[in-house]
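Accompanying notes for the structure given below.
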Amino acid sequence: MANSLRLYLTCIRNTLEAAMCLQNFPCQEVERHNKPEVELKTSPELLLKPILICRNEAEKCLIETSINSLRISLKVKQADELENILTKKFLRFLSMRAEAFQVLRRKPVQGYDLSFLITNYHCEEMQKHKLIDFIVQFMEASFHPLHLVLWSVVNYFKYYAFLWTY
Amino acid sequence: MAAVAVHQFAPCITCHAWSPDRSMVAFCPNNSEVHIYKLSEDKWEQAHILQKHDQIVSGIDWSSRANRIVTVSHDRNSYVWNYEGSEWVPTLVILRLNRAALCVQWSPQENKFAVGSGAKTVCICYYEQENNWWVSKLIRKRHNSSVTSVAWHPNNILLATTSTDGKCRVFSTFIKGVDTRDSKAGSSSDSKFGEQILQLDLSFSWAFGVNWSPSGNTLAYVGHSSTIYFVDDVGPSPLAQNVAFRDLPLRDVLFISEKVVIGVGFDCNPMVFAADESGMWSFVRFLGERKTSSTGPKYGSQFSEAFGKLYGQSKHSINNDGIDNSRQRGGVHENCITCIVPLGEAGSSTITRFSTSGLDGKVVIWDLESQQDLLEYL
């Protein structure tokens, strides 16, 4: 399991290194404006082909690039209802504090759990390899706690079910 | 080492240009101003600040004979600055653009300059003496997307442009009253203004950074798919070659001789391309040293602590050893190199010194005198 996680994250890292070649690009549609083209999508020649990296049916990562911005959308594995609720709460907690993260998008893209939006301004202020490290380590870190919390919750209920029945 | 001098001028530099005597450098520190620094006794001092634009200045060019600076900006304006007394005075340019201007270059005879814009047009500007301003003629019809880079042919009439629609085009910019019809120039002087001589559809992705060789025989431009295109005998039957490389895409190119091209881009390291005797171009090597440091996982450890606190676990170490961290590319520049400018005399066919500036705010001067293996190619 750890092996496939490592392969998955290496694949994402390599794709991000190629995709994060962003530059300042003023809007072609509206004068004096500068918007992330991946969100706008009005000029198809400025968008590159989106890449979908799937670890299995439940976990995937969509990377969409344009000339000045990059959007990474993640879907984490949710085995049952409980995990579903936990994931939603945890990710909603993070998304509400998106300003602190700077690269996080407030609402995930339709069909995914979490989205990042990286623009050329982030690449100018921060170093590109550090940004990629951040995203990959975020993904890695987010895989652990949910499972552990789930296990601890399940064990809690088992224990108290045991206590109540005997 | 090929990098002779490194100067950190600002947190981030958009573009730069040198004065004719190479003692002053003008650059845009990623805002609406142009800073001019002067080298006096081995120290760089801020000499002037040119403040007229409202948005980021995307292109600066300093003409070598007339000592004029032209600046273009995302606010659709352009100014030509003349040095009068001890101040730089702007002259109005009637650009007639309705979108941002992206790039600018003085023509070889410095009576015209070309501006590429996000309005899918190219403006050729020339001086009108009666009103003391610069007027423009637009090349409107041909481009399908923003014009990212312009380059003048040595004959002062042909102009090559690259665009985000992936194509490189060559136009004639003959203007009556400004250019003279030269009978020796042949077909190029017979064309009307704005006539497209050639359209090169070699790239699948956006095209940037076009440059002519010193004789005007070869054209080079870069595509975002990590390829560089060389076109010989630009005319009715051009010969095109493309060189694909493994690394990140380039942003700008410079011919330092007929057979050697330097490309700069997202790898933060200049790349040298050379042609052999048969005319086949290939990648030679990187100019700077490549760093392979793997920096410590600072973000990772903060996260593991944060998660530990959130879920009340005392210690949960996240194993980072299995996954390699991204290595920092390039040695001298720490972020993407956006601009490369020659530092030789204007019009010379071989240059050994050039400067690069990037998003890390550094201007680096490179000299190939110490690189024996590359001097052979020149």
If you fit an axis through the alpha-carbon atoms of helix B:298-310 and take the longest principal axis of the Cα set of chain B, what angle between them do you get, 0 to 90°, nearest 10? 50 degrees
Cα centre as origin, Lys/Arg/Asp/Glu Cβ charges: the stretch A:1-164 dipole, Debye: 340 debye
Rank A:14, A:84, A:155 by mean-square fluctuation in a GNM of chain A with C-alpha springs under 10 angstrom and give only the top-ranked residue. A:155
Give the lysines whose C-alpha is closer than 20 Å to that of residue A:88, dropping any in the same chain fewer than 8 places away, or say none. A:60, A:75, A:77, A:107, B:309
Could you compute the net charge surrounding residue B:107? Neighbours are other residues with a C-beta less than 11 Å from the C-beta of residue B:107; K and R count +1, D and E count -1. -2
Taking H as built 1.01 Å from N, whose amide H comes closer than 5 Å to the amide H of residue B:251, not counting residues under 5 places away? B:264, B:265, B:266
In whole percent, what relative contact order does the stretch A:1-164 give with Cα contacts below 8 Å and a gap of six or more residues? 20 percent
Hey, got a sec? Which GluC sites (Glu not before Pro) in the stretch A:1-100 land in a DSSP loop and have at most 14 other Cβ atoms within 10 Å? A:29, A:57
Please give the average number of partner chain Cβ atoms lying within 10 Å of the Cβ of each residue in A:121-128, rounded to a whole number. 5
Where in the stretch A:33-120 are there trypsin sites (Lys or Arg not before Pro) that are in a DSSP coil and have at most 14 other Cβ atoms within 10 angstrom of their Cβ? A:41, A:97, A:106
Chain B: relative contact order in percent, alpha carbon pairs under 8 Å with at least 6 residues between: 13 percent
In percent, what relative contact order does the stretch B:138-285 have, based on Cα pairs under 8 Å that are 6 or more apart in sequence? 16 percent
What net charge is computed for the residues neighbouring residue B:12, neighbours being all others with C-beta under 9 Å from the C-beta of residue B:12, Lys and Arg scored +1, Asp and Glu -1? -3
Explain nothing, just compute: Karplus ³J(HN,Hα) = 6.51 cos²θ - 1.76 cosθ + 1.60, θ = phi - 60°, for every residue of the stretch A:17-32 in order, whole Hz, x for Gly and Pro. 5, 7, 7, 8, 10, 10, 9, 5, 9, x, 5, 7, 8, 10, 6, 6
Need the list of lysines near residue B:38 for cross-linking: C-alpha distance under 25 angstrom, and skip anything on the same chain fewer than eight residues off. B:52, B:362
Counting GluC sites (Glu not before Pro) as exposed when in a DSSP loop with at most 11 other beta carbons within 10 Å, what is the longest stretch of chain B free of them? B:131-276
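A short reminder: the numbers here are calculations on the coordinates, not readings from a lab. Worth saying up front: this structure is predicted, and the values here are computed from it rather than measured. So basically every Cβ, Gly included, is an ideal-geometry build from the backbone, and we count neighbours across all protein chains shown.
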